[in-house]
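The values are calculated or read from the model by the stated rules, or taken from the named source; none is laboratory data. Bear in mind the structure is a predicted one, so any value in this text is a computation, not a measurement. Here the Cβ is made from the backbone with ideal geometry for all residues, glycine too, and neighbour counts use every protein chain on show.
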Amino acid sequence: MSWVVLAIAILCEVGATLSLRMASTPHEGRAPSRRWYLAVVAGYAASFVLFSLVLRMGIGLAISYGIWTAAGVALTAIAGRVFFTEPFTRVMVAGTLLIMLGVVLIELGQAAS
């Protein structure tokens, strides 16, 4: 169950970050809707509350935060490409994979101790 909560926390954080991008982008010459800022605040608040629950449920800080940040980076980069046509170059893909490898090594190191 704690892994499901972590996944939801990650999705809330990514949603908040995408909402922040929408809030900072003018639409058809108009200022963005203030509703995007409400989505930003709600998404980040939900993400942090859920992350604290994950820690309380027993997933270690190093691995849960590593997964949270690595998945957040990867999903945000992919969503930026899909929704905002931002670049996601081979170098960026390699960097994302290295971040994920780092999380795996942290988990392996934690398991070995």
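Numerical summary
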{"read-out": "Residue check for SER64: at pLDDT 95 or above, assigned to a helix (DSSP H, G or I) and among the hydroxyl-bearing types (Ser, Thr, Tyr)", "value": "no"}
{"read-out": "Residue satisfying condition, being surrounded by fewer than 17 Cβ atoms within 10 Å (Cβ to Cβ), of a type outside the set (A, V, I, L, M, F, W, C) and assigned to a helix (DSSP H, G or I), within set THR69, THR17", "value": "THR69"}
{"read-out": "The stretch 18-41, residues that are among the β-branched types (Val, Ile, Thr) and closer than 19 Å to GLU86 by Cα", "value": "THR25"}
{"read-out": "Options SER52, SER47; residue that is in contact with a Phe, Trp or Tyr (Cβ under 9 Å, 6 or more places away or on another chain), modelled with pLDDT of 95 or more, among the hydroxyl-bearing types (Ser, Thr, Tyr) and in a helix (DSSP H, G or I)", "value": "SER47"}
{"read-out": "Unique match (being surrounded by 14 or more Cβ atoms within 10 Å (Cβ to Cβ), assigned to a helix (DSSP H, G or I) and small (Gly, Ala, Ser)) among ALA94, ALA79, ALA111", "value": "ALA79"}
{"read-out": "First in the stretch 24-52 and touching a residue at least 12 places away in the same chain (Cβ under 8 Å), second anywhere and surrounded by fewer than 11 Cβ atoms within 10 Å (Cβ to Cβ) and among the basic types (Lys, Arg), Cβ under 6 Å, 6 or more apart", "value": "none"}
{"read-out": "Pairs with Cβ under 7 Å, 6+ apart, first in the stretch 53-80 and free of Cβ contacts under 8 Å to residues at least 24 places away in the same chain and under 14 Å from ILE10 (Cα atoms), second among the polar types (S, T, N, Q) and part of a helix (DSSP H, G or I)", "value": "LEU55/SER64; ALA77/THR96"}
